[in-house]
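Trainee: Below is a structure I'd like to ask you about.
The values are calculated or read from the model by the stated rules, or taken from the named source; none is laboratory data. In this text the structure is predicted, and so the values were computed from the model without any measurement. Neighbour counts are summed over all protein chains in view; Cβ atoms, including those assigned to glycine, are modelled from backbone coordinates with ideal geometry.
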């Protein structure tokens, strides 16, 4: 049985990540990149698919407690047993050359027998490597990959039942360090990290994260939660390119036993503006500039080819395949690698890109000279195609529809293009863009509004609600005090599920009419945070704070959020940790810290004007 999703903590070296459970087992690790094949994949299968557990031999099923060291991504895990107590410190040094995971075992009291059991399975938990011992390490090789296990102490590994095992006893005050490092298999020598003292790497890693966290500008009542979210966002950044993955995992389900299992180890354009806004507001200009540079490179080319999702370097081909040899998280199949959403038509991404470019221009982040030409090409494409149905923000796999949020984002694209033109003194196409902006606005107010239930709906002709309507004031489409916005916010209670919001009402056992998928799903964390934002903007500060603190309460013990929360089962669902959730958390903390308590009736929405 898989451990609960909330049992996992994140380690990262800014190019890949590991997921370590409360039982001391690393059950997910892709090397050398976020999107590489996993060599530890028990998270999506069984121990036969790869794991690395370090824990006392007589330990209980889970640790006594654990915590990140303040303002770092260094994880301490404490174990108390009848023989004594030990602490295991796990971290990944920010990438210098090749990736490595370091695990330091320290005796706190007594004499505690400890076991390290490593079972490597390359190529998504499928390929059993050839394992051999060298003078001072153990190396596992399969195809292009080799993984070296170094031991900083007088302990020798031995093979047992397909695993590499180290048994040792730790006395109070003693330390032993294990280093797992990846290298291309054609290199005959072990990576340098195997021989670097663990204490040196630990000191450098702690220093890196504390210096980085110290730049955070947020000083409000939820500083610890905001800093943890920002560290998580940094940890999901692929440093060589500036791209930010949606999550480090794939196929963690939105419904146990269901088919809503997606690969999130890529970069989504839908996250563009929120990511930039969050980074800039928090004081991380360099990261914002790197994300913008990734964005501009990724979208280069014909606007007809603009995708919803790209690879870490901006690559476009992310073929979706299934892994039948992996039984899936708690039996949730299929397990998918790659994401076919690259081929979807989503109008909203044009608005996201334009909004991100405008936000960057206002922040005086340097942009290449050709970007204005790209703006013109995208606007020309939208003028020809904005009336078409699309697959929408949620990337539905059902039929295309006239999604209201998509049309709102077309309005955003035109609005931000006009504003960029004003800032740059380039108004050659302003008349056409203004006419388009006004026409889209009129159409949304006419066809996206349901007068009977007094709310904006998911798509033209539908009576379904969609949480994306909560973004209208933030985007500047309507003022927060507009009666239609206030009424829509009230109606969002119909999406409430145990104090959290669905993105839209999920289907039952049959295929959902909109998204084409079977089964239920959890409430979306980001949508629940948008609701808190909207409540604050509409003058309901106390309700907004309550909604926000409900989300804070479902973070796991080390402050991480997945994509969804299941109020019925009381557990996290979906890929984890989720960048979108943590971005939304930080943005909501900023919004609530600045929110007035008075009613906004008659007040104009600021948007990004």
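Trainee: Kindly provide the set of residues from region 422-436 that are surrounded by fewer than 20 Cβ atoms within 10 Å (Cβ to Cβ) and free of Cβ contacts under 8 Å to residues at least 60 places away in the same chain, ordered by number. Before the answer, list the steps.
Mentor: Step one: list which residues in region 422-436 are surrounded by fewer than 20 Cβ atoms within 10 Å (Cβ to Cβ), which gives 422-432, 434-435.
Within region 422-436, 422, 425, 426, 427, 428, 429, 430, 431, 432, 434, 435 meet the criteria.
Trainee: Looking only at region 433-444, count every residue that is within 20 Å of residue 377 (Cβ to Cβ) and in contact with a helix residue (DSSP H, G or I) (Cβ under 7 Å, 6 or more places away or on another chain) and tell me the total.
Mentor: 5
A quick yes/no check of all residues on (1) at pLDDT below 95; (2) part of a helix (DSSP H, G or I):
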position	(1), (2)
507	yes, no
515	yes, no
528	no, yes
533	no, yes
544	no, yes
550	no, yes
557	no, no
562	no, no
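Trainee: Filter region 278-296 for residues that are assigned to a helix (DSSP H, G or I) and farther than 18 Å from residue 370 by Cβ and give the result. Outline the logic, then answer.
Mentor: Filtering region 278-296 down to residues assigned to a helix (DSSP H, G or I) leaves 278-282, 285-296.
The answer is 278, 279, 280, 281, 282, 285, 286, 287, 288, 290, 291.
Trainee: Here is a follow-up. So, of the residues in region 198-223 that are farther than 30 Å from residue 175 by Cα and in contact (Cβ under 8 Å) with a residue 12 or more places away in the chain, which turns out to be surrounded by the most Cβ atoms within 10 Å (Cβ to Cβ)?
Mentor: Going through region 198-223, the residues farther than 30 Å from residue 175 by Cα turn out to be 215-223.
Now restrict to residues that are in contact (Cβ under 8 Å) with a residue 12 or more places away in the chain: 215-218, 220-222.
Details: 215: 13, 216: 17, 217: 11, 218: 19, 220: 12, 221: 12, 222: 21.
If we take residues in region 198-223 being farther than 30 Å from residue 175 by Cα and in contact (Cβ under 8 Å) with a residue 12 or more places away in the chain, then 222 is surrounded by the most Cβ atoms within 10 Å (Cβ to Cβ).
Trainee: Which of (1) at pLDDT 95 or above; (2) over 19 Å from residue 250 (Cα atoms); (3) in a helix (DSSP H, G or I) is the odd one out, the single condition residue 582 does not satisfy?
Mentor: Tallying (1) at pLDDT 95 or above; (2) over 19 Å from residue 250 (Cα atoms); (3) in a helix (DSSP H, G or I), residue 582 fails exactly one: (2).
Trainee: Give the residue that is nearest to residue 553 (Cα to Cα), with candidates limited to residues of region 210-228 that are under 19 Å from the mean Cα position of the chain (by Cα) and assigned by TED's automatic domain parsing to the domain that holds residue 280.
Mentor: Top of the filtered list is 225.
Trainee: Could I ask something else about it? Among the residues of region 455-465, how many are in contact (Cβ under 8 Å) with a residue 40 or more places away in the chain and touching a strand residue (DSSP E or B) at 6+ places or on another chain (Cβ under 8 Å)?
Mentor: Kept after step one, since they are in contact (Cβ under 8 Å) with a residue 40 or more places away in the chain, are these residues of region 455-465: 456-462, 464-465.
Pick out the ones that are also touching a strand residue (DSSP E or B) at 6+ places or on another chain (Cβ under 8 Å) and you get 456-460, 462, 465.
The qualifying residues number 7.
Trainee: Looking at 342, 412, which one is assigned by TED's automatic domain parsing to the domain that holds residue 290, under 22 Å from residue 277 (Cβ atoms), part of a helix (DSSP H, G or I) and within 25 Å of the chain's Cα centre (by Cα)? Break it down into steps so the answer makes sense when it comes.
Mentor: Details: 342 fails: under 22 Å from residue 277 (Cβ atoms).
Within the list 342, 412, the selection yields 412.
Trainee: Right, another one. Would you please name the residue that is nearest to residue 404 (Cα to Cα), looking only at residues in region 444-454 that are in contact (Cβ under 8 Å) with a residue 40 or more places away in the chain and part of a helix (DSSP H, G or I)? So that I can check it myself, show each step before the final result.
Mentor: Within region 444-454, the subset in contact (Cβ under 8 Å) with a residue 40 or more places away in the chain is 444, 447-448.
Adding the requirement that they be part of a helix (DSSP H, G or I) leaves 444, 447.
On the way: 444: 7, 447: 8 Å.
That would be 444.
Trainee: So, of the residues in region 378-397 that are in contact (Cβ under 8 Å) with a residue 40 or more places away in the chain and exposed (fewer than 15 other Cβ atoms within 10 Å of the Cβ), which turns out to be nearest to the chain's Cα centre (by Cα)?
Mentor: 388
Trainee: Pull up region 229-252, narrow it to residues that are in contact with a helix residue (DSSP H, G or I) (Cβ under 8 Å, 6 or more places away or on another chain) and either in a helix (DSSP H, G or I) or outside the structural domain of residue 293 (by TED's automatic domain parsing) (or both), then point me to the one that is surrounded by the most Cβ atoms within 10 Å (Cβ to Cβ).
Mentor: It comes out as 229.
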